[in-house]
Amino acid sequence: MRIPPDIVSLSDYQRYFIARTEPTVAAYIDGYAADGVTMRANEQAFSRLKLIPRPLRCLKGATTQLTLFGDKIPTPILIAPMAYHRLVHPQGEAATAKAAALTGHIFSVSAQSSLLLEDIALEQQAPLWFQLYPRRRLHENYDLIDRAMLSGYRAIVVTIDAPVSGVRNVEQRAGFSLPADITAMNLTRYAPEEIKQTRPASPIFQGMLDETADWALLKSLLNYSKLPVLVKGIAHEDDAAQAVEMGVAGIIVSNHGGRVLDSMPASLDLLAPIVRRVGGEIPVLLDGGIRRGTDVVKALALGAKAVMIGRPVLHALAVGGLQGVVHMLTLLQTEFEMAMALCGCATLEQINSQLIWKDDGQ
Ligand SMILES: Cc1cc2nc3c(=O)[nH]c(=O)nc-3n(C[C@H](O)[C@H](O)[C@H](O)COP(=O)(O)O)c2cc1C
């Protein structure tokens, strides 16, 4: 696939994606819960913060390298778990994994990937994480963790913020449904999760929530997994503290890109209190609305150890396949390095809250 020469930023990929993608698929990928209050807040929160550069500092030997769970990785920008990459490209997650391998980015594969987690891991050099939506039958969670470990995945991400999917009006209006040839391949071997119809008058509370994940289930997964377990979707500092106490290896502050509970604050606004409470004991990551290298700097300045990007990956995969994802990741990494250099930071440790302009009205 030829990449259009006027694609020079992540938003350019989105423009081409919208123009070229079947509207129902675009509605699923770029959609949001309800009115998009949270999705917009994610991006606005980054625009609101301003950076104050510190020139003339020594930048010799500058690097964006960091260590996460014992792995040295070249960049703090990771690929967020997203379902069904084959919706936008026939090679789906295999192409994304290859792009991650070529550029050194960690790729978190979704439980709902459209290729088998085992196949995505084949021949890939990328450090892969596996994301799990907790399942009601405990042994299926264990089986998925075993499968990920046997396939060489480096960490498990347990997503806790979507016991029900959000009010997806954008998708509903567009009439999105999964094409017959695309399924959550990892899950087809397990019996469907049946919903007990105990209270027919209540469309959600009719037994569906009787068996959703709770802290006890998370504890079981932590006890079982030999891989580090991160929780994704923590928004409250008390929940962060409880997760640390339970022994999670990392926290991902996220509002699911505004796709679940509309009216949640921007994930960037949730970050600082959680970082403070966690107190450096484990890494805190952030996702939601990262579109520029300066956004990465801002997230790190407020205490994130690393960030994840979501929709831009699927935009780039749709427009340019493997090359598109490599190009998009390179654009973001280049912008990030540029922003670090302009801010006077030679290492990730030098990115701190002093870079954030405190507008005290003077
Ligand atoms: C199409 C799509 C599918 C997603 N699927 C999953 C998923 O399977 N598991 C999960 O934990 N998060 C999922 N997410 C949420 C992302 O991991 C991430 O939190 C969010 O996209 C980050 O926001 P951004 O898109 O603004 O970068 C999905 C997001 C999108 C856009």
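Details
- Highest-MSF residue in the chain out of LEU117, LEU59, LEU329 [GNM, Cα springs under 10 Å]: LEU59
- A Förster radius of 25 Å, combined with the Cβ-Cβ distance separating ALA191 from TRP215, puts the computed FRET efficiency at roughly 0.45.
- Helix 37-48 and the longest principal axis of the Cα set of the chain meet at an angle near 10°.
- C-alpha center-to-center spacing [the stretch 114-146, the stretch 290-349] in angstrom: 25 Å
- For the stretch 1-63, trypsin sites (Lys or Arg not before Pro) are listed when DSSP marks them as loop and at most 13 other Cβ atoms sit within 10 Å of their Cβ; the list is ARG2, LYS50, ARG57, LYS60.
- The ranking of TYR13, TYR28 by Cβ neighbour count inside 10 Å, starting from the fewest, reads TYR28, TYR13.
- Selection from LEU217, THR67, HIS327 lying farthest towards where the dipole of the chain points positive, charges on Cβ: HIS327
- Mean separation of Cα pairs under 8 Å and 6 or more residues apart, divided by the residue count, gives the stretch 1-131 a relative contact order of 17 percent.
- Cα-based shape type of the stretch 31-94, given that a ≥ b ≥ c are square roots of the gyration tensor eigenvalues and the cut on a/c is 1.5: oblate
- Taking the chain as a Gaussian network of alpha-carbon nodes connected by springs under 10 Å, the highest mean-square fluctuation of the residues PRO74, PRO283, PRO55 belongs to PRO55.
- Cα gyration tensor shape of the chain, rounded if a/c is under 1.5, else prolate or oblate by comparing a/b with b/c: rounded
- The stretch 229-362 shape via C-alpha gyration tensor axes, a/c threshold 1.5: oblate
- Extension gain, LEU342 back to ALA62 (0.36 nm per residue minus Cα-Cα distance, nm): 99.6 nm
- For the chain, the relative contact order works out to 28 percent when only alpha carbon pairs closer than 8 Å and six or more residues apart are counted.
- Inter-site label distance for SER263 and ASP238 at 7 Å from Cα along Cβ, in nm: 1.9 nm
- For LYS232, a cut-off of 30 angstrom between C-alpha atoms picks up these lysines, skipping any fewer than 8 places away in its own chain: LYS50, LYS72, LYS98, LYS196, LYS219, LYS298, LYS305, LYS358.
- Taken about its Cα centre, the stretch 198-325 carries a charge dipole of roughly 460 debye when the Cβ of each Lys and Arg holds +1 and the Cβ of each Asp and Glu holds -1.
- Point-charge dipole on Cβ atoms (K/R +1, D/E -1) for the chain, about Cα centre, debye to 20: 580 debye
- Legend: ranking of residues HIS236, HIS89, HIS139 from fewest to most surrounding C-beta atoms inside 10 Å; resulting order HIS139, HIS236, HIS89.
- Candidates ASN42, ASN255, ASN141, ranked by Gaussian network fluctuation over the chain, Cα under 10 Å, top entry: ASN141
- Ranking of ILE252, ILE106 by count of other Cβ atoms within 10 Å, fewest first: ILE106, ILE252
Every read-out reported here was derived from the displayed coordinates using simple, explicitly stated rules and does not represent laboratory data. Everything numeric here is computed off the predicted structure, so don't read it as measured data. Reconstructed Cβ throughout: ideal geometry from the backbone, glycine too, with neighbour counts over all protein chains shown.
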